[in-house]
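For reference, the structure discussed in these notes is given below.
Only the coordinates and a few stated rules stand behind these numbers; no lab work does. Just so you know, these numbers come straight off a predicted model, no measurement behind them. Note that we place each Cβ from the backbone using ideal geometry, even for glycine, and neighbour counts take in every protein chain shown.
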Amino acid sequence: MLSREQVDHVAKLARLELSDAEAERFGVELSKVLDYIDTIRTLSLEEVAPTSHVVEVNDAVRPDQPRPSLPRDVILSQAPEVADDGFAVPSPGASAE
């Protein structure tokens, strides 16, 4: 089990302010996670290929193929405000009305 000092250190790193009850609960939960990691470390994983996802991911990214864009006048017709043939964007620090 993690000590209170270790829980407080992790909470500080995560910029969390924990009550005594939360620190106790998170200490128990973090200890369980670390125990599980120790269990995984005992496994022989030399034959296991690295993965980026725990489940099969199909078609995560579509092929990058050129296609026609919408006409500029259709896009600008949906802008709240147009300036210099583009979307008008408020200057930094300008107040919204």
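Considering segment 8-31 alone, what residues qualify as being on the phi < 0 side of the Ramachandran plot and under 23 Å from the mean Cα position of the chain (by Cα)?
Step one: list which residues in segment 8-31 are on the phi < 0 side of the Ramachandran plot, which gives 8-14, 16-31.
Passing the criteria: H9, V10, A11, K12, L13, A14, L16, E17, L18, F26, E29, L30.
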>> Any residue in segment 26-55 that is without any contact (Cβ under 8 Å) to a residue 40 or more places away in the chain sitting within a Cβ distance under 6 Å of a residue that is part of a loop (DSSP other than H, G, I, E, B)? List the pairs, counting only those 6 or more apart or interchain.
In response: G27/L2; L30/L2; S31/M1; S31/L2
> Consider P90 against the criteria (1) surrounded by 10 or more Cβ atoms within 10 Å (Cβ to Cβ); (2) in a loop (DSSP other than H, G, I, E, B); (3) within 25 Å of the chain's Cα centre (by Cα): it satisfies all of them except one. Which criterion is unmet?
Replying inline: (3)
